[in-house]
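K.L.:
The structure that follows is given in the form of structure tokens.
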Amino acid sequence: ASMYSEIQRERADIGGLMARPEYREWNPELIKPKKLLNPVKASRSHQELHRELLMNHRRGLGVDSKPELQRVLEHRRRNQLIKKKKEELEAKRLQCPFEQELLRRQQRLNQV
């Protein structure tokens, strides 16, 4: 209980230091400030995403709710693509200019 009373005393001290908007009370003709809208939260896509996340949370579905098998298969496919690209780059890099010229001539002959 003593901790709560200390917090309340600190808040009272801070409240005395902060400026209060008393100008609204004595002059009703002044324009009252309005709270600005956050453009991100006001966007329709953000609202739809937030609604979908809330629905998934209520259903008990997490963000990463894919089955383990599907995640493993996607990971393998991704690794295979990366490995394939590395091999292609390695093959291109290892070919000397003479081999490249031979390949070009062979492709021309095949086309003719």
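K.L.:
Size of the dipole of segment 67-111 about the Cα centre, Lys and Arg at +1 and Asp and Glu at -1 on the beta carbon, nothing else charged, in debye to 20?
P.N.:
Here segment 67-111 has a charge dipole of around 100 debye.
K.L.:
Under 25 Å from the Cα of Lys92, which lysines turn up, not counting those fewer than eight places away in the same chain?
P.N.:
Lys83, Lys84
FYI, it's all coordinate maths here, none of it is from the lab. In this text the structure is predicted, and so the values were computed from the model without any measurement. Every residue, glycine as well, gets a Cβ built from its backbone with ideal geometry; the counts of neighbours run over all protein chains shown.
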